[in-house]
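Structure, as structure tokens:
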Amino acid sequence: MSDTLILNKNYYAIHVMDWQRAISLLYQGHADALDENLQAYNFEDWKELSAAMESHPGGFVNSVTYRIAVPEVIRLTRYDRLPKAEVKFTRRNIYEHYDHKCCYCGGKFK
């Protein structure tokens, strides 16, 4: 099985998660599955589309009554934010930020 790319409501990539959690979000109605043309499907529509598929790159999950394709990409229906980017304050990052110049004297460092 493969991991699933998670997009926010505005189609920005925000995370990659395992297929179990992705199908859970799809089933609960918190996300829509996207096909290769970025057409959105809710759980019932994705289940019907999966029944018509013979093969799928992400594989299939079998239940007692149906078989569903593991979505490669899902879009969250409510979340429209971007995750916070964490910046590590290291000496190297600070030197790069200031283009290797001293903030006091303006001298250039190697």
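The values are calculated or read from the model by the stated rules, or taken from the named source; none is laboratory data. Quick caveat: nothing in here was measured; it's all calculated off a predicted structure. Neighbour counts are summed over all protein chains in view; Cβ atoms, including those assigned to glycine, are modelled from backbone coordinates with ideal geometry.
Restrict the check to the stretch 54-74 and report whether at least one residue is modelled with pLDDT under 95, loosely packed, with under 11 Cβ neighbours inside 10 Å, in contact with a Phe, Trp or Tyr (Cβ under 9 Å, 6 or more places away or on another chain) and closer than 19 Å to Y11 by Cβ.
No, there is no match, as no residue in the stretch 54-74 is modelled with pLDDT under 95, loosely packed, with under 11 Cβ neighbours inside 10 Å, in contact with a Phe, Trp or Tyr (Cβ under 9 Å, 6 or more places away or on another chain) and closer than 19 Å to Y11 by Cβ.
What number of residues in the stretch 1-42 are among the small types (G, A, S) and over 17 Å from V61 (Cα atoms)? Walk me through how you get there before you give the answer.
At the first step, the residues of the stretch 1-42 found to be among the small types (G, A, S) are 2, 13, 22, 24, 29, 31, 33, 40.
Now narrow it down to the ones that are over 17 Å from V61 (Cα atoms): 13, 29, 31, 40.
Going through the stretch 1-42 one residue at a time, the tally reaches 4.
Out of the residues in the stretch 55-95 that are more than 30 Å from K108 (Cα to Cα), of a type in the set (F, W, Y) and part of a loop (DSSP other than H, G, I, E, B), state the one that is farthest from the chain's Cα centre (by Cα).
Going through the stretch 55-95, the residues more than 30 Å from K108 (Cα to Cα) turn out to be 55-84.
Going one step further and asking which of them are of a type in the set (F, W, Y), we end up with 60, 66, 79.
Applying the additional criterion that residues be part of a loop (DSSP other than H, G, I, E, B) yields 66, 79.
Values: Y66: 26, Y79: 12 Å.
Across the stretch 55-95, the extreme among qualifying residues is Y66.
Note down all Cβ pairs under 8 Å where the first residue falls in the stretch 38-64 and is without any contact (Cβ under 8 Å) to a residue 40 or more places away in the chain, the second is of a type in the set (K, R), and they're at least six residues apart or on different chains.
Every condition considered, the pairs that remain are A40/R75; S50/R67; A51/R67; F60/R67.
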